Amino acid sequence: MDKHHICLHHGDDYDRFHGAIVPPIFQTTLFTNKTKDHGYIYTRSSNPTIEIAEQKIAALEEGEAAICLSSGMAAISAAIFHALSKDDHVICVSSVYPRTRALLNAYMNRFGISVTYISKGTVEQFEAAIQFNTKLIYLESPSSLIFSMQDLTEIAKLAQQRGIITAIDNTWSTPLFQNPLKHGIDLVIHSATKYLGGHSDILGGIIVGKKSRIDHIRVREREMLGAIMDPHQAWLLIRSLRTLPVRMKQHQENALIMANFLEGHPKVTRVLYPGLNSHPDYELGKKQLSGYSGVMSFIVDRTYDQIHTMLRGLQLYEMGPSWGGFESLISGIPIQELFSEATGLPLGTGLIRMSVGLEDIQTLMDDLDGGLRRI
Ligand SMILES: Cc1ncc(COP(=O)(O)O)c(C=O)c1O
């Protein structure tokens, strides 16, 4: 089944819902089974609307099963709790989403769990970091600030030989541009808050993998921690998935034009975007990615304050920490220690992260060009 068809139609059973072309929201907590077993009990365990979203995403990731959770962080936490027990060790990429790092550093250490961060992400580095108690290798490829990548096939092979679970945050790529399960990765995680939702109106998280593993997470982490997605959120996610292919096509088109424009701009010293052959991991990306989404970073040789003032003066970009929505966003991020290690960029470098939206690209470039020329 092609991915467009999955987004548009997979999991839609018209006969089940009186021919409705859009399925209903089962806004109910309880299912009564007094006279007949309907297969559902309580929405913290499962719900028909949520299951439709899960079927679509499992098919998009070419996985056996998927579960929807209340946010990307709920999905990340559930996957990490699933993989780790007391006194285990985890290997994680240093350019990982900062909240994931905070979870590993400031929370999991209460259970004696230790972490080794890998900066360059070569297979040799992963192998050297393995300890007797390593139970999880956690990847984010491309990562969402500097877009560093890891060789998924080689790392999955290494982990399988050593009995280590692999998980990846695949949010940047979406299931349209990268399918890590095909490379042997065990668990694929998405923040559905970004491109999958795409309209900046829902929070959500997804985990995809083998049915046995996903069933385990469903009844343990999701049900016990109470982290299931709300049915209304799931309904909005189904709505969003129907336009995912056209949105991603436009994000990609706009982002490639923008990245090339920035790379040729006299005020820009460096652009970090996996779709440019100047990106250090471009060749690896070509092996793993079938497309490029719309988030990139670039460096302007000015102080953080100067950059911030310039960005606030732009007309067409909003400022904020999220990304992947219809709207273009831009923000200045001072480079911290771990990112500095991973990129070789000096501490405090004024990195600008941009989520290129669906607006007219020429108008977006003109606005940014005006801002850059003023500093
Ligand atoms: C790469 C990445 N993963 C996960 C998350 C967390 O997702 P959520 O905000 O849905 O919890 C984010 C949020 O910004 C992110 O950028």
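The values are calculated or read from the model by the stated rules, or taken from the named source; none is laboratory data. What you are looking at is a predicted structure, and each value in this text was computed from that prediction instead of being measured. Glycine gets a Cβ as well: all are built from the backbone with ideal geometry, and neighbour counts include every protein chain shown. Heads up: the accessible areas ignore ligands, DNA and RNA and are worked out on the full protein's heavy atoms, side chains in. Shrake-Rupley method; radii C 1.70, N 1.55, O 1.52, S 1.80 Å.
Annotations for the structure displayed:
- Some residue of the stretch 35-54 being touching a residue at least 24 places away in the same chain (Cβ under 8 Å), in a loop (DSSP other than H, G, I, E, B), within 16 Å of the ligand (Cβ to nearest atom) and not assigned by TED's automatic domain parsing to the domain that holds residue 353: no
- Residue list for the stretch 154-191, filter: at positive phi and open to solvent by 10 Å² or more (accessible area, probe 1.4 Å): 163, 184
- Residue 224 at pLDDT 95 or above and within 14 Å of the ligand (Cβ to nearest atom): no
- Looking only at the stretch 263-274, residues that are over 24 Å from the mean Cα position of the chain (by Cα) and open to solvent by less than 30 Å² (accessible area, probe 1.4 Å) come to 2 in all.
- Here residue 242 meets each of (1) within 14 Å of the ligand (Cβ to nearest atom); (2) of a type outside the set (A, V, I, L, M); (3) touching a helix residue (DSSP H, G or I) at 6+ places or on another chain (Cβ under 8 Å) with one exception, condition (1).
- Residue check, residue 194 open to solvent by 10 Å² or more (accessible area, probe 1.4 Å) and out of contact with any Asp or Glu (no Cβ under 9 Å at 6 or more places or on another chain): yes
- Verdict on residue 290 being surrounded by 15 or more Cβ atoms within 10 Å (Cβ to Cβ), under 23 Å from the mean Cα position of the chain (by Cα) and of a type in the set (S, T, N, Q): no
- Screening the candidates 100, 134, 122 for the property of being within 16 Å of the ligand (Cβ to nearest atom) and β-branched (Val, Ile, Thr) yields one hit, 100.
- Looking at 332, 320, 350, just one residue is in contact with a helix residue (DSSP H, G or I) (Cβ under 9 Å, 6 or more places away or on another chain) and either open to solvent by 10 Å² or more (accessible area, probe 1.4 Å) or under 22 Å from residue 249 (Cα atoms) (or both), and that residue is 332.
- Selected residue (only one of 68, 92 is in contact (Cβ under 8 Å) with a residue 12 or more places away in the chain, more than 18 Å from residue 226 (Cβ to Cβ) and within 16 Å of the ligand (Cβ to nearest atom)): 92
- Qualifying residue in the stretch 56-63 (condition: at pLDDT 95 or above, more than 14 Å from the ligand (Cβ to nearest atom) and farther than 24 Å from residue 156 by Cα): yes
- Contacts under 7 angstrom Cβ, first residue in the stretch 156-176 being in the same structural domain as residue 84 (by TED's automatic domain parsing), partner among the acidic types (Asp, Glu) and more than 16 Å from the ligand (Cβ to nearest atom), 6 or more apart: 158/127; 165/186; 166/186; 167/186
- Qualifying residues in the stretch 116-143 (those that are in contact with a strand residue (DSSP E or B) (Cβ under 6 Å, 6 or more places away or on another chain) and under 23 Å from residue 334 (Cβ atoms)) - the one surrounded by the fewest Cβ atoms within 10 Å (Cβ to Cβ): 117
- Identity of the residue in the stretch 17-69, among the aromatic types (Phe, Trp, Tyr) and open to solvent by 50 Å² or more (accessible area, probe 1.4 Å), that ends up nearest to the chain's Cα centre (by Cα): 26
- Filtered by the rule that a residue be farther than 17 Å from residue 165 by Cβ and either within 13 Å of the ligand (Cβ to nearest atom) or of a type in the set (Phe, Trp, Tyr) (or both), the stretch 179-197 gives 190, 191, 192, 193, 194, 195, 196, 197.
- Test: residue in the stretch 275-285 that is open to solvent by less than 30 Å² (accessible area, probe 1.4 Å), at pLDDT below 95 and more than 27 Å from residue 3 (Cα to Cα): no
- Residue check for residue 255: surrounded by 22 or more Cβ atoms within 10 Å (Cβ to Cβ), outside the structural domain of residue 139 (by TED's automatic domain parsing) and of a type in the set (A, V, I, L, M, F, W, C): yes
- In summary, strands (runs of 3 or more DSSP E) completely within the stretch 254-336 and bearing 3 or more residues that are within 16 Å of the ligand (Cβ to nearest atom) occur at 295-300, 329-334.
- Per this entry, residue 167 is counted among residues that are within 16 Å of the ligand (Cβ to nearest atom), more than 25 Å from residue 276 (Cβ to Cβ), in contact with a helix residue (DSSP H, G or I) (Cβ under 9 Å, 6 or more places away or on another chain) and not polar (S, T, N, Q).
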